[in-house]
6 protein chains.
Amino acid sequence: MDRVKTGIAQLDKMLGGGFVSGDAVLVAGGTGTGKTTLGLQYLVNGTTQFGENGIFVTFEQMPNQIYRDAKNFGWDLKRLEQENKLKLICTSPELLLETHGTKHLLDEPIRQVKPRRIVIDSLSNLAMYIEEKEVRKEAHRLLNYFKTKQISSLCTWEAPGTIGEGMWLTDVGLSRVADCIILMRLVEIDSTMRKALVVLKLRGSDHDKALREYDITSQGITVAQPFAGFESIITGVPRRVLLPRSF
Amino acid sequence: MDRVKTGIAQLDKMLGGGFVSGDAVLVAGGTGTGKTTLGLQYLVNGTTQFGENGIFVTFEQMPNQIYRDAKNFGWDLKRLEQENKLKLICTSPELLLETHGTKHLLDEPIRQVKPRRIVIDSLSNLAMYIEEKEVRKEAHRLLNYFKTKQISSLCTWEAPGTIGEGMWLTDVGLSRVADCIILMRLVEIDSTMRKALVVLKLRGSDHDKALREYDITSQGITVAQPFAGFESIITGVPRRVLLPRSF
Amino acid sequence: MDRVKTGIAQLDKMLGGGFVSGDAVLVAGGTGTGKTTLGLQYLVNGTTQFGENGIFVTFEQMPNQIYRDAKNFGWDLKRLEQENKLKLICTSPELLLETHGTKHLLDEPIRQVKPRRIVIDSLSNLAMYIEEKEVRKEAHRLLNYFKTKQISSLCTWEAPGTIGEGMWLTDVGLSRVADCIILMRLVEIDSTMRKALVVLKLRGSDHDKALREYDITSQGITVAQPFAGFESIITGVPRRVLLPRSF
Amino acid sequence: MDRVKTGIAQLDKMLGGGFVSGDAVLVAGGTGTGKTTLGLQYLVNGTTQFGENGIFVTFEQMPNQIYRDAKNFGWDLKRLEQENKLKLICTSPELLLETHGTKHLLDEPIRQVKPRRIVIDSLSNLAMYIEEKEVRKEAHRLLNYFKTKQISSLCTWEAPGTIGEGMWLTDVGLSRVADCIILMRLVEIDSTMRKALVVLKLRGSDHDKALREYDITSQGITVAQPFAGFESIITGVPRRVLLPRSF
Amino acid sequence: MDRVKTGIAQLDKMLGGGFVSGDAVLVAGGTGTGKTTLGLQYLVNGTTQFGENGIFVTFEQMPNQIYRDAKNFGWDLKRLEQENKLKLICTSPELLLETHGTKHLLDEPIRQVKPRRIVIDSLSNLAMYIEEKEVRKEAHRLLNYFKTKQISSLCTWEAPGTIGEGMWLTDVGLSRVADCIILMRLVEIDSTMRKALVVLKLRGSDHDKALREYDITSQGITVAQPFAGFESIITGVPRRVLLPRSF
Amino acid sequence: MDRVKTGIAQLDKMLGGGFVSGDAVLVAGGTGTGKTTLGLQYLVNGTTQFGENGIFVTFEQMPNQIYRDAKNFGWDLKRLEQENKLKLICTSPELLLETHGTKHLLDEPIRQVKPRRIVIDSLSNLAMYIEEKEVRKEAHRLLNYFKTKQISSLCTWEAPGTIGEGMWLTDVGLSRVADCIILMRLVEIDSTMRKALVVLKLRGSDHDKALREYDITSQGITVAQPFAGFESIITGVPRRVLLPRSF
């Protein structure tokens, strides 16, 4: 199976080498978990390390902010755009969903950049503009559009419960549309908000099942060791337990 | 009682030999629990090990993806289709539910393949397209259609709560329609998302009551030993306890 | 007080000899708890052990399935029907609720079989077909119809929360209509789904208050000892505790 | 302050001598907690022990059942009715709420029996028949009607959560209408459903604050000692704790 | 800052001397926590100990009951009314909210009594009569009316969750309108319903943060020591813990 | 990156030097957590310590109250207004959102004061006046208006759950609009309501992840050490745990 590397060493390892080429990836997480950073890093690494161009679609932020944020991680998006390796598209959900005859808003950018990777940041924004019943259908249509163009897509999803609550991916039926689901979560440990990441699903392939700590450093996201000695990490408020080996 | 073997040794044992012939089976689970894999494995094993043909009905995935996913497990669906032992049907919920006079969309495929097994992946998709009040009635009608044709059916059901929440099968009254219910669940143990499976119901027959660990290997689903030393496994966030024998 | 024995020794003992003659009994439980089995066993024992005829009303299953399921427990319903001791009625909620002038769908069967016992499997199905506000009124009317005919009735109720959730009998106000309420629940203990039963209410009479384990054997339901050493059994996910006598 | 004794020794003691004369009492509890029994006992004791006549208003049960239930406790309601000391009124919520000019359905019975006590079993039934917004207003009007006639009233309220859930008295604003609130609850202890009772409120007077165990015996309700060694009794699923004095 | 003393010694101490003059105080609590008693005590102490007149506005109780309840605490409201130091106003929410031109229902009573203190018992009743969206606006208007007249106001709020549930002050946005918020809660400790009080907010001033036990004695409310040795008191069902000093 | 110092030493340290210039900051917290105080302190420190003018927009309080509250902390807002360094604007949400052609209500004040900082107290009030679907869009428009004027904004958000409940920032999609999110929470420890603060998000920059205790002193907010020895602080009802170093 062809792999699309994220360039985040430990994450690629968790995924058995990277995302599967052409797959639709869902990155779900609460506020401040770094979903946008992961998306940018995936695209930047794509072009700088693996020679794969990318498109970043956003609905909210002003481009300058994204350029600035990226720069903090040492990613010069503007240069990548000038080199025609990357394209930032600030649009509205309505425009993205509309099709004019057989034409789609992204047809032209895709023709120009010839991306192997695309990031939609975020599917939640899109979900706010359409009927709940339509969300899955529209998401499905959009992701299929990418698949037919053989572009690997990564969509972020803002999970509603910040902390101490379950995370509902399936409310609008999105989990089935995704080939791969990564969950990111703030976790309170020792009076500190730490970050946990887990691959919940990877269609047609084995993957690491551990809840691993990750961090957002000046170089972007770094994934580290699994947590140890806790229960209920996934709820965001784990309990410390004596490990079996301690007995 | 005639048994329809899944070919997953430990699961057949849990079921007292396999599903009961002609029964409607519900496989409920959250994202990434392997419901689709179980469905495919059931059909593939049916034709390769037990000489029983099958039909796989899906509403979402493009056929190529299913072929690819199956191949990862060493299942050559295309060959099985060429040998007229299996048929993949990609359709829409509307088309599946419609009847033209006394004719049903599946009449022709059933006539061709003469299946003993059918998989609907998933009933949740179907439920998204019809009124909540109608779901049970329509599901009932569909499952009865299979029963009158003496085909054993297996439907998957995407449970809404990913983790740390109860699983509601009965919201739309589906649990009564099913003769057999299997629950699959991601379970956080030692900072790892493991997988638990339990047979909740098997009409007219005894069955194993243990919550067993299972895994999705390169050969498909393998069911292993019951968990030990935990409470509240079914919630997805178990607590480790001292076992009584430890006292 | 006249008692209607279930023929399940330990359960009759819990009830102080059996249900009270003419009472309306509610058997509430989740999926796979054996409510239908309890209903059938109550009727079969009635005719074979106590010389009391019975009627079984169902809304969903095809008769053949019920005959088959019963046979697994060694209950030959067809023979009992031929001997005019039992009658299975497969009907729709609408038909059951309708009255034509002073005539009721069950008038004729009741005249024929002269039942002392009747089972409605299940009131939940009935509740799905009528307005929430009407459920209690209609249930009340139906149960009174049986009372005026001096028939002891047993209705099953599919509790919505499968596991790890409260059980709401009173959502539609049914608990007051019932003279006796039996709760059946799947309970996770030592990684196994075991079964707990408790008599919540028995109007005008003392009863056993213990949460007892029960099993569905090849002879039907058998009620055993109370659980010991657990807290919160009724939630379905009990905690093991040190018993006071252990101190 | 004038006291209206319930005749249940320990309960009267908890209340500082009994209910306050003319007060509106709310007895809230789930299924099978004995609210109706408490109401009947209050009336029967009133007439037999304290020379105070009473009226029992019910919306659901057929009179015969109430006579029978009462008889199980040794209470001969029929004789009390013949002696014009008690009156059972089976009516509908609509009829109870209607007023014809200045006339009320209960005017005549009150004139006949000259009751000092009245029981409405239950206010929940009444609440089912009127708009949620109107419940408090109508309850208020009804209770004031009793107050102006200087009759002490006791209303039962069927709390929706059977077990393991909070009890919502205030959803429809009833708690303020009541001068006295008694809470009755099934409580799981040592795998047994025991019963707890607590006086939550007694306007203008001190009262016992303990959660006491009570039982329904062949003589009616008996209140016993407070529970000891538990936390969260009020939730219905208490935790056993080491008492401070055990340290 | 000018202080308005409640006359409840420990509470005034918690508040740093009393409420701030002209402030709007919200007293939130469940059933049976003594909110009305606190309101009356605040007014009676005002006139008898601090020479400040007061008005008590109620929507529900008949005046006689309030006089009676007050008398139990030794408060002779009638005499205070005759001395023109206090005024009880029984009105409806509608009348209180209406304004006739520039005139308000309370203009005349305020002119007569010249109150420094006013109690609205309760804002919950008022909230029941107006649209949810309007509650905050109307409450705001009413409280501002008092502020412009330089009257310190105290409103009671019936929190919906009796026990074991969170308390929602902010559902209708009232918490921002209040300058001071006092929370009163029934708390189950050692099988007894005890009472906890905490000052949640005191705008522009420091205050005691402890959860203190209080009692309703024959002299009214008395506030005592903070609880010790418990966690989660605020939920109403605390857990006993070993205190750090016990280690 | 240009930093906008709050002047609260420990908080600036947590933020890596202060808010990022031009960012939109969200301060979310329940009742009595001091959100308004933080907003005022941010503005006052801006003008007195860093030479940056500010505007404070409020929807509810009467100006006098704010002047008084500020004075308690030693902040003389009136003098700052006379020196044209600060401006308090009491307006309505409607007026703030309206635009007259290209003119905005704040155009004139901004021209006058030339603020580098603006506080909106609170966004919750604003959210009460507009359709839920519009909240994010309007907030976004308002915050962008500030960004284009290069003003750093700080909005307060009244989190609905006072205690023991999750905090939902994302209900109306606000978390994505904010570049920085600070959470303030009342936390019950040792029977006392203490205060916890955490930086949940800081776009494009590293930040302290600890849950720190803070206090509201006579000089305003002071941030102290992280909590130690507790789990689930973020829920408001933490559990004390033995720290790993205690083993």
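Structure data summary
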item: Three-way shape label, the protein assembly as shown, alpha-carbon gyration tensor, a/c 1.5; result: oblate
item: Unit charges at the beta carbon, dipole of the protein assembly as shown: most positive-side option, E:M184, D:G54, F:P109; result: E:M184
item: Protein accessible area in chain F, 1.4 Å probe - carbon and sulfur %; result: 50
item: Simple Cβ-charge dipole of the protein assembly as shown, Lys/Arg +1 and Asp/Glu -1, about Cα centre, in debye nearest 20; result: 1980
item: Average beta-carbon neighbours from other chains, 10 Å sphere, peptide F:35-44; result: 1
item: The stretch B:49-103-the stretch F:101-151 distance, computed between alpha-carbon centres (Å); result: 55
item: 10 Å Cβ neighbours from other chains, averaged over peptide A:195-204; result: 5
item: Tail beyond 27 Å, pair distance distribution of chain D (Cα, percent); result: 34
item: Probe 1.4 Å - accessible area at A:T102, Å² to nearest ten; result: 140
item: For A:L154, distant residues with modelled amide H under 5 Å away; result: A:V25, A:I118, A:V119, A:I120
item: More than 15 angstrom apart: percent of Cα pairs within the stretch E:64-131; result: 63
item: Heavy-atom accessible area per residue - the protein assembly as shown, 1.4 Å, Å²; result: 36
item: Once exposed loop GluC sites (Glu not before Pro) are cut out (DSSP; at most 14 other Cβ, 10 Å), longest piece of chain C; result: C:132-247
item: About the Cα centre, charge dipole magnitude for chain B (Lys/Arg +1, Asp/Glu -1 at Cβ), debye; result: 620
item: Under Karplus coefficients 6.51, -1.76 and 1.60, residue-wise ³J(HN,Hα) of the stretch A:91-107 in Hz, glycine/proline x; result: 9, 10, x, 4, 5, 5, 7, 4, 10, 9, x, 9, 8, 10, 3, 8, 3
item: Calculated FRET efficiency for the pair C:K71/A:D206, C-beta based, R₀ 51 Å, to 0.05; result: 0.70
item: Estimated 222 nm signal from helices in chain D, with DSSP H stretches of n ≥ 4 weighted -39500 (n - 2.57), rounded to 500; result: -8500 deg cm²/dmol
item: Distant-in-sequence amide H partners of F:I89 (H built 1.01 Å from N, under 5 Å); result: F:F56, F:V57, F:T58
item: For B:K195, distant residues with modelled amide H under 5 Å away; result: B:V187, B:Y214
item: Calculated SAXS-style log₁₀ I(q)/I(0) at q = 0.27 Å⁻¹ - the stretch A:1-58, Debye, Cα scatterers; result: -1.33
item: Among the listed pairs A:K85/A:K149; C:K71/C:K209; E:K201/F:K137; E:K201/F:K35; C:K5/C:K87; A:K35/A:K78, those beyond 23 Å (Cα-Cα); result: C:K71/C:K209; E:K201/F:K137
item: Nearest-first distances (nm) between copies at D:N72, label 7 Å from Cα via Cβ; result: 3.5, 3.5, 6.0, 6.0, 6.9
item: FRET efficiency for C:C90 and D:K78, using Cβ-Cβ distance with R0 set to 56 Å, rounded to 0.05; result: 0.85
item: Highest-fluctuation residue, C:Q65, C:Q112, C:Q49 considered, GNM on chain C with Cα pairs under 10 Å; result: C:Q65
item: Per-residue average of Cβ from other chains inside 10 Å of F:223-236; result: 4
item: HN-Hα J in Hz across the stretch B:120-133 - Karplus 6.51, -1.76, 1.60, θ = phi - 60°, x for Gly and Pro; result: 10, 10, 9, 4, 4, 4, 4, 5, 6, 9, 10, 3, 3, 5
item: Area hidden from solvent between D and E (accessible, protein heavy atoms only, 1.4 Å, total, Å²); result: 3400
item: 5 Å binning of all Cα-Cα separations within the stretch F:7-139, expressed as whole percents from 0 upward; result: 2, 9, 18, 23, 22, 16, 8, 2, 0
item: Axis-proximal residue, chain C, for the rotation superposing C on E (Cβ, Å); result: C:R239, 8
item: Choice from D:P93, D:P63, D:P109 with maximal GNM fluctuation in chain D (Cα, 10 Å cutoff); result: D:P63
item: Rounded, prolate or oblate (a/c below 1.5 giving rounded, otherwise prolate when a/b exceeds b/c) for the stretch E:103-158 by Cα gyration tensor; result: prolate
item: Threshold 30 Å² - residues in the stretch B:53-93 whose accessible area is reduced by that much or more when the chain is no longer isolated, probe 1.4 Å; result: B:E60, B:Q61, B:M62, B:Q65, B:R68, B:D69, B:N72
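The values are calculated or read from the model by the stated rules, or taken from the named source; none is laboratory data. Everything numeric in this text was worked out from a predicted model, so none of it was measured. In this analysis, Cβ positions are derived from the backbone assuming ideal geometry, glycine residues included, and neighbour counts consider all displayed protein chains. What goes into the accessible areas is simple: the full protein's heavy atoms, side chains included, and nothing from ligands, DNA or RNA. Shrake-Rupley method; radii C 1.70, N 1.55, O 1.52, S 1.80 Å.
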